[in-house]
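The values are calculated or read from the model by the stated rules, or taken from the named source; none is laboratory data. Since this is a predicted model, take the numbers as computed values, not measurements. Virtual Cβ from ideal backbone geometry, glycine too; neighbours counted across all protein chains shown.
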């Protein structure tokens, strides 16, 4: 049984990077790894990795004698659905060349599941009073909230951002090329 890691294997690398990115690249390259940054490689220089990846990660315009490695920068990795039904939007996934596909290497853009919160809205005053008194508001219909609320129902204490995300920690995803 082989004891080495196969070409094309991807792993998270949590090592401290030197002050110069080139030094980091040189260090991991010594062990047969490179960062999954979508770079274009020569088929002739990396025949074993090309045999594993093929053109799966190629964007339009890549030359016939080249191929691309995965670009995992800024992505959470997710195992393929494999018919389990756990990815209800698997049909919206796309490969780097724009083809709709749920194969390994396909990506899904960010999304927030549709949801709304109903509450009763107040209507007009139904009990006219004297000059300075207010009547009782009529409760009519329902409306929807305008933003997220925390468990107490109070707006403003929920962390919001330009993306929906879980807690996360940065790592480098590196791919074995030999």
Item to check | the range 8-32, residues that are closer than 24 Å to residue 102 by Cβ and part of a loop (DSSP other than H, G, I, E, B) | outcome: 8, 9
Checklist entry - Which residues, taken from the range 38-85, are more than 14 Å from residue 175 (Cα to Cα) and within 16 Å of the chain's Cα centre (by Cα)? => result 74, 75, 76, 78, 79, 80, 81
Checklist entry - Are any residues in the range 33-61 surrounded by 16 or more Cβ atoms within 10 Å (Cβ to Cβ) and in a loop (DSSP other than H, G, I, E, B), and if so, which ones? => result 36, 43, 46, 55, 56, 57, 58
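The rows are residues; the columns are (1) touching a helix residue (DSSP H, G or I) at 6+ places or on another chain (Cβ under 6 Å); (2) modelled with pLDDT of 95 or more; (3) closer than 30 Å to residue 163 by Cα.
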| residue | (1), (2), (3) |
| --- | --- |
| 39 | no, yes, yes |
| 48 | no, yes, no |
| 64 | no, yes, no |
| 67 | yes, yes, no |
Checklist entry - Among the residues of the range 101-112, is there at least one that is farther than 23 Å from residue 10 by Cα and at pLDDT below 90? => result yes
